[in-house]
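Down below is the structure, laid out as structure tokens.
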Amino acid sequence: MTRHTPIIPVDPHHPDADAIRQAAAVLRDGGLVAFPTETVYGLGANALDAEAIAGIYRAKGRPANNPLIAHISTVAELARVAVDIPERAHQLAAAFWPGALTLVLKRHPQVPGSVSLGRDTIAVRLPSHPVAHALIEAAGVPVVAPSANRFTRPSATTAQHVLADLDGRVDLILDGGPTPIGVESTVVDLTVDPPIVLRPGGVTFEALREHMPDVQRYSAAVAMDDDSARPASPGMLSKHYSPNASMLLFRGPFEAVTDAMRQTIGDCMQAGQKVGLLLPDAEQPLFANLDVEVVRLGADAAQMARHLFAALRQLDEQGVDCILARIPPAEGLGVTVGDRLLRAAEGQVIDVTDADI
Ligand code: AMP
Ligand code: MG
């Protein structure tokens, strides 16, 4: 595919039926369609078509080491992709679907093993975004949809991000505007007892625990993205969600982190580097009057999640050499934002917890 990829604008709340029909036909023919979900843009393919699945890995330039999530439009369709579905899956579906929660279950034999790299499991989600819902329903098949970005790049939260990464590599893009949550789904493995959160995401651990008190956290430092045998060291984090600029994160008491960030800004500037800062709105005054590029992420963790990936891409466009950010408090969506920051930074953290201040 060398031509440009067509983009069809759609109303995010009431998508045009013709646009959806056209996109669904592409999926049924084995093609690739990028579309908005409530989390990030997904790169969709027919989950029952092994050729189409191979096309996803090609388009993303992704080595086949990261299993895909199958998206469905009704709870009843669970039975098309999974077997031995435990009662807990139905309880969680009732509580969180449609929404940003992905369940790992036993894979149905009719789903090609390449969806989950030959594992006997499958990750499933029922998205709430009206465009995603309408598209999957019209396609009439489960739709695998990893984030619609090139391998290792920040996930796409607008159609323009998709185009920047995948123009000419996918058949069609549905543009439904920016995605509301802005980070990927929470993945919980129900094939183990107790269940484990494999990836923090749009549904908080706290919310999940209300419905499933025995659920366990998987350490963010060893999350499952490439293989499960990774050492539990932040330095070994997989490269993912990464800007071109190098990233440095800071952890520790508020004042000490602020001082360390100021110090590092000075050092970088001295070395002739252009510095970018990712800041919650309230912290902007702490770094005023500095010759740096600042992107405000918003007032709370939900807004930070929504803006994070676009902010990373924006700082790349502004040509910064390094991006500095504070790791947010590990609660609610702050856990998810912290996880994505850590991976974007490939684990580079300055910890000032024990620094003399
Ligand atoms: P995405 O890149 O948003 O499509 O997310 C894929 C992620 O879902 C992977 O990185 C895993 O964390 C998780 N996942 C998908 N399928 C499985 C599976 N069968 N077993 C365990 N984790 C899975
Ligand atoms: Mg991704």
field: Unique residue being within 16 Å of ligand 1 (Cβ to nearest atom) and assigned to a strand (DSSP E or B) when the list is VAL183, VAL192, VAL188
entry: VAL188
field: Only one of GLY298, GLY276 that is within 30 Å of THR39 (Cα to Cα) and either open to solvent by 40 Å² or more (accessible area, probe 1.4 Å) or within 21 Å of the chain's Cα centre (by Cα) (or both)
entry: GLY298
- prompt: Given the residues VAL143, VAL124, which is the only one that is under 16 Å from LEU32 (Cα atoms), of a type in the set (A, V, I, L, M) and in contact (Cβ under 8 Å) with a residue 40 or more places away in the chain?
  reply: VAL143
- line: Checked pairs for the stretch 82-98, first among the β-branched types (Val, Ile, Thr), second buried (at least 18 other Cβ atoms within 10 Å of the Cβ), C-beta under 7 Å and 6 or more apart or across chains, list as VAL83/HIS108; ILE85/LEU78; ILE85/LEU105
Top-ranked residue of the stretch 125-151 - restricted to ones that are closer than 21 Å to GLY30 by Cβ and part of a strand (DSSP E or B), ranked as nearest to the chain's Cα centre (by Cα): SER147
query: Given the conditions (1) open to solvent by less than 50 Å² (accessible area, probe 1.4 Å); (2) within 18 Å of THR39 (Cα to Cα), and given that PHE151 satisfies all but one, which numbered condition is not satisfied?
result: (1)
message: If the requirement is being more than 12 Å from ligand 2 (Cβ to nearest atom), open to solvent by 20 Å² or more (accessible area, probe 1.4 Å) and either among the charged types (D, E, K, R) or modelled with pLDDT of 95 or more (or both), which of these qualifies: THR186, THR204, THR179?
response: THR204
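The rows are residues; the columns are (1) within 16 Å of ligand 1 (Cβ to nearest atom); (2) under 26 Å from VAL83 (Cα atoms).
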| site | (1), (2) |
| --- | --- |
| ILE8 | no, no |
| ASP16 | no, no |
| ILE20 | no, no |
| TYR41 | yes, no |
| ALA45 | yes, yes |
| ARG62 | yes, no |
| PRO67 | yes, yes |
- prompt: Do we have ALA139 as surrounded by fewer than 19 Cβ atoms within 10 Å (Cβ to Cβ), on the phi < 0 side of the Ramachandran plot, of a type in the set (Gly, Ala, Ser) and away from ligand 1 (no atom under 13 Å from the Cβ) here?
  reply: no
- request: Can you tell me which residue within the stretch 217-234, out of those that are of a type in the set (S, T, N, Q) and either modelled with pLDDT of 95 or more or within 20 Å of the chain's Cα centre (by Cα) (or both), is least open to solvent (accessible area, probe 1.4 Å)?
  value: SER219
query: Within the stretch 154-165, can you find the residues that are open to solvent by less than 10 Å² (accessible area, probe 1.4 Å) and not hydrophobic (A, V, I, L, M, F, W, C)?
result: PRO154, SER155, THR157
task: Could you please give the count of residues in the stretch 189-201 that are of a type outside the set (A, V, I, L, M) and open to solvent by less than 30 Å² (accessible area, probe 1.4 Å)?
output: 4
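To keep it simple, each residue is scored yes or no on (1) surrounded by fewer than 22 Cβ atoms within 10 Å (Cβ to Cβ); (2) of a type outside the set (Phe, Trp, Tyr); (3) more than 10 Å from ligand 1 (Cβ to nearest atom); (4) farther than 27 Å from PRO9 by Cα.
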{"site": "VAL75", "(1), (2), (3), (4)": "yes, yes, yes, yes"}
{"site": "ILE85", "(1), (2), (3), (4)": "yes, yes, yes, yes"}
{"site": "ILE122", "(1), (2), (3), (4)": "no, yes, no, yes"}
{"site": "ALA134", "(1), (2), (3), (4)": "no, yes, yes, no"}
{"site": "ALA145", "(1), (2), (3), (4)": "no, yes, no, no"}
{"site": "ASP167", "(1), (2), (3), (4)": "yes, yes, yes, no"}
- prompt: Where residues in the stretch 54-73 are away from ligand 2 (no atom under 15 Å from the Cβ) and more than 13 Å from VAL124 (Cα to Cα), which of them is least open to solvent (accessible area, probe 1.4 Å)?
  reply: GLY55
- prompt: Do the conditions hold for VAL83, that is, is it touching a helix residue (DSSP H, G or I) at 6+ places or on another chain (Cβ under 9 Å) and of a type outside the set (S, T, N, Q)?
  reply: no
- prompt: Take the residues of the stretch 152-176 that are out of contact with any Asp or Glu (no Cβ under 9 Å at 6 or more places or on another chain) and part of a loop (DSSP other than H, G, I, E, B): which is farthest from ligand 2 (Cβ to nearest atom)?
  reply: GLY168
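The values are calculated or read from the model by the stated rules, or taken from the named source; none is laboratory data. Since the structure is predicted, the reported quantities are computational estimates derived from the model, not experimental observations. Heads up, the Cβs are rebuilt from the backbone with ideal geometry, glycines too, and the neighbour counts pull from every protein chain shown. Just so you know, the surface numbers come from the protein's heavy atoms only, side chains and all, with ligands and any DNA or RNA stripped out. Shrake-Rupley method; radii C 1.70, N 1.55, O 1.52, S 1.80 Å.
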